Amino acid sequence: FTTRFLRALTKIRAQKPISSSSPAEIFRRYRRIKVAADKSMAYSVRSRRIWSRAMLWKLRSRSYRRQDPCSGRRSGKTNQAIMKKSSNENTTTRREDGVGFVEEADELRQLVPGGETMNLCNLLDETAHYIKCLTTQVKVMKKIADFYSF
């Protein structure tokens, strides 16, 4: 992750130096860094995880739309085709007292990339791995910030 992310940051820095500190320019720079971090994290995991396949698909489709916005054509692959390893079962597991477990799982599905297509067992497994990767991402970014702040 770290090597890919540092390469991406170098490319971002080389693309266009900061000419202004307008809110729009700061937001554009923030978005480029965020996309670089997400892409680096997903590429480091590759297609071994459902969340990384979903994230890579989202990033690829976003760049495809940006390259040719007038074509109106969509990529031949769908999200489900990219995430073929995922289970398409829809779990309706409830706690024994019947209170809100499905709603909590649905909220979690919205947070984890590709979570919409996962059953509960896969969702929990993918969530744990995704959190671990996000934690690593934060640690790396913090070390980079600490290094450049001195």
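The values are calculated or read from the model by the stated rules, or taken from the named source; none is laboratory data. Nothing here was measured: the structure is a model prediction, and the numbers come from that model. Protein only, heavy atoms only, side chains kept; ligands, DNA and RNA dropped before computing areas. Shrake-Rupley method; radii C 1.70, N 1.55, O 1.52, S 1.80 Å.
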The residue that is nearest to R48 (Cα to Cα), considering only those in segment 99-109 that are of a type outside the set (D, E) and open to solvent by 40 Å² or more (accessible area, probe 1.4 Å), is L108
By residue number, the members of segment 110-140 that are among the hydrophobic types (A, V, I, L, M, F, W, C) and open to solvent by less than 30 Å² (accessible area, probe 1.4 Å) are V112, M118, L120, L123, C133, V140
